[in-house]
Structure formats: C-alpha cells, structure tokens
Amino acid sequence: MHNAAFTALGLDARYEARDVAPADLERVVNSLRGEAILGANVTVPYKLAVMPFVDELTPAATAMGAVNTIITKGAKLTGHNTDAAGFTRALQEAGVTLKNKRVVMLGAGGAARAVAYALLQAGSSLYIYNRSPEKAVALAKDFAAYGTINILTVELAAGELAAAVRDCDVLVNTTSVGMEHGGLDPNTSPLPQGVLPARGFVSDIIYRPAKTKLLREAEAAGLRVQNGLPMLVYQGAESFECWTRQAPDTDVMLAAARALL
Ligand code: ATR
C-alpha cells in the first residue's frame with residue numbers, strides 16, 4: 001500500500017520488507033541513518049525492542065510504550081507510534097465519536113495498548129476484559145493518567161462482562177481470537193455465546209478474515225461494524241506522512257491492501 005501511494009504521488013521512493021534476526025536488530029536500525037532513507041515501520045515482535053536503538057521518542061510512542069514507526073532525519077532516528085492515530089481515524093471515518101462514550105475493549109496485549117491510548121485520549125470511559133486479568137490490571141495502571149479505566153474481572157466475568165457489553169456504545173476487539181492466521185481457528189469469537197451490545201458500534205481490529213465471527217454476529221444483530229483494514233491503512237498513512245510530509249491517497253492504499261489480502 002505504501003508503494004501504491006508513492007506511485008500515485010510520483011515520489012521516487014520504495015517500501016520493502018526486511019526479515020530481521022534478533023541479533024541483527026541494532027545494526028539494522030542503525031542502517032536506517034542517512035539521507036537515502038525516509039524511515040521504517042516496525043512490527044511484531046520488535047515494537048518494544050527497537051526503543052533503545054532510536055535517538056528520541058515522540059510522546060505517543062512513550063505513552064504507548066511501543067514504536068511502530070521510525071522517522072529518519074539525516075543521522076537522527078525518532079521512534080513514533082501511529083497505531084492509535086490510525087484507530088481513531090478509522091472510527092472517525094465510520095462516524096463514531098468517542099467523547100464520553102462507554103467503550104468495552106477486549107484484550108490487553110500490544111495492540112490493546114494503542115487502542116486504549118486512542119480511546120482515553122478521545123475521552124471515552126474504558127472497560128477492559130482480558131483472559132489474563134493481570135495484563136488488564138497492568139494496562140490500567142500504565143494508562144491511569146489518561147482517563148477512567150474499569151476492569152471487568154474474571155471471577156464476575158459472565159455477569160459483569162455481559163452487562164458491560166450490553167450497555168456499551170462501542171465494543172472493540174483487540175485480541176487475536178477469530179483471526180485467520182498461523183493455525184488459529186477463525187470460527188471463534190472473543191465474546192461468550194449470546195453476549196452482544198444492545199446498540200452501537202462493533203470494531204474488530206482483525207482484518208483477516210474480512211468479517212470475523214464477532215462481526216458477523218454483530219451485523220446479524222443489527223449493529224454497525226468495522227474490521228481492522230481501515231486502522232491498518234490509516235496507521236500506514238500517518239507513517240507515510242511522517243516520512244514524506246505529504247498526505248497519501250488512502251483510497252489507493254486501501255485498494256492495494258485489499259488486493260493483497
Ligand atoms: P498483539 O500485539 O496482537 O495485541 P499480544 O500482545 O500477544 O498480541 O496480545 C494478544 C491478546 O489476545 C491478549 O489480550 C490475549 O489474552 P491474554 O493476555 O490472556 O494472553 C488475547 N488472546 C489470545 N488468544 C486468546 C484466546 N484464545 N482467548 C482469549 N484471549 C486470547
């Protein structure tokens with residue numbers, strides 16, 4: 001999608017994927033310095049590991065505790081994170097406002113940290129449910145300064161989770177449950193059978209399959225839904241703008257991403 005956006009803007013630049021062994025990470029990050037490179041994206045499992053190797057972090061990267069974008073300016077490398085901005089822009093595009101909304105977020109992993117930051121910055125009150133409660137507690141502690149976070153505890157999960165989900169304005173799945181990837185079963189939902197919001201919006205940050213079981217069930221119940229493709233494209237578009245100072249054509253990026261998926 002980045003190469004399609006470079007072409008559409010007539011920019012003489014190229015985006016390419018690198019497989020990096022753990023022992024090579026510092027050397028590869030250092031190789032990004034210099035005039036020939038605009039920057040890089042960083043993905044699983046290196047979003048935390050690259051942090052010591054850049055020269056400075058943006059407030060977003062510091063808050064999320066992860067770097068998904070490196071911006072090169074001459075010899076200097078800045079670690080940034082566009083995941084939260086990508087998520088917020090995806091919801092905006094769907095016409096969803098987040099200020100003073102009750103949002104249930106499923107999951108407390110790496111992706112959840114970006115989504116939690118986005119939701120709290122936008123003024124939502126956040127309810128987190130995670131299979132491993134200690135990770136939800138840790139996330140709530142790290143983000144306490146940004147807003148109100150409630151944890152749906154595992155002991156009370158059946159009743160508490162169902163009630164919070166029923167009454168929420170927005171439900172977001174950040175877990176990998178329902179993903180079609182590496183032998184995972186796509187025919188599973190992160191919610192117990194029969195538990196769905198009574199109204200409102202359901203976002204699943206998974207983009208493969210295009211409609212997870214959660215989204216299919218939510219749609220069948222008359223709810224509005226969005227998959228993870230807009231977030232993927234918009235976090236990429238934010239990175240692109242950091243590197244080039246030009247806004248890419250996100251329709252071109254979306255079409256390119258869709259064609260590959
Ligand atoms: P990512 O960076 O994609 O967020 P991650 O940090 O490994 O990946 O987080 C995966 C999330 O999916 C976690 O919230 C995880 O729950 P745990 O903290 O309990 O591991 C959740 N998850 C993965 N498989 C799950 C399953 N089978 N049931 C419920 N939650 C699951």
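FYI, it's all coordinate maths here, none of it is from the lab. Nothing here was measured: the structure is a model prediction, and the numbers come from that model. Here the Cβ is made from the backbone with ideal geometry for all residues, glycine too, and neighbour counts use every protein chain on show.
Of Glu35, Glu219, Glu26, which has the largest mean-square fluctuation in a 10 Å C-alpha GNM of the chain?
Checking each option, the largest mean-square fluctuation is seen for Glu35.
What value does segment 156-211 have for Rg/Rh, both radii from Cα atoms and Rh as Kirkwood defines it?
0.99
Computed on alpha carbon atoms, what radius of gyration and Dmax characterise segment 1-103, expressed in Å?
So, for segment 1-103, Rg and Dmax equal 15.7, 46 Å respectively.
Working from the alpha-carbon coordinates of the chain, get Rg over Rh, Rh being the Kirkwood radius.
Here Rg/Rh amounts to 0.98.
Give the shape of segment 81-232 as rounded, prolate or oblate, defined through the alpha-carbon gyration tensor: a ≥ b ≥ c are the square roots of its eigenvalues, a/c under 1.5 means rounded, and otherwise the shape is prolate if a/b is larger than b/c and oblate if not.
Note, shape of segment 81-232 comes out rounded.
Take every DSSP beta bridge with both residues inside the chain and express the antiparallel ones as a percent of the total, to the nearest 5.
Bridges in the chain are about 30 percent antiparallel.
Any idea how far the Cα center of segment 122-140 sits from the one of segment 34-49, in Å?
If you average the Cα positions of each part, the centres end up 28 Å apart.
Taking only complete DSSP H runs, can you tell me which helices of the chain stretch 27 Å or more along their own long axis by Cα positions and average at least 0.0 on the Kyte-Doolittle scale?
Passing helices, by number: none.
Please list, in chain and number order, the residues 5+ apart from Thr188 or on another chain whose amide H is under 5 Å from its amide H, with Hs placed from the backbone.
Hits under the 5 Å cutoff: Gly178, Lys213.
Which of Ala114, Ala66, Ala162 moves most in a GNM of the chain, Cα contacts under 10 Å?
Sorting by GNM fluctuation, first place goes to Ala162.
Over the chain, with a Gaussian network built from C-alpha contacts below 10 Å, which listed residue (Phe240, Phe53, Phe201) shows the highest mean-square fluctuation?
Phe53
Tell me which trypsin sites (Lys or Arg not before Pro) from segment 189-251 have a DSSP coil assignment and no more than 11 other beta carbons within 10 Å of their own.
Arg245
Can you say what percent of the DSSP beta bridges in segment 51-127, counting only those with both residues inside, are antiparallel? Round to 5.
Roughly 50 percent of the DSSP beta bridges within segment 51-127 come out antiparallel.
Under the rule of -39500 (n - 2.57) per DSSP H run of 4 or more residues, summed and divided by the residues of the chain, what mean residue ellipticity at 222 nm is obtained, to the nearest 500 deg cm²/dmol?
-11000 deg cm²/dmol
Quick one: if the Förster radius is 51 Å, what FRET efficiency do Ala198 and Ala23 give, using the C-beta to C-beta distance and rounding to 0.05?
The value I calculate is 0.50.
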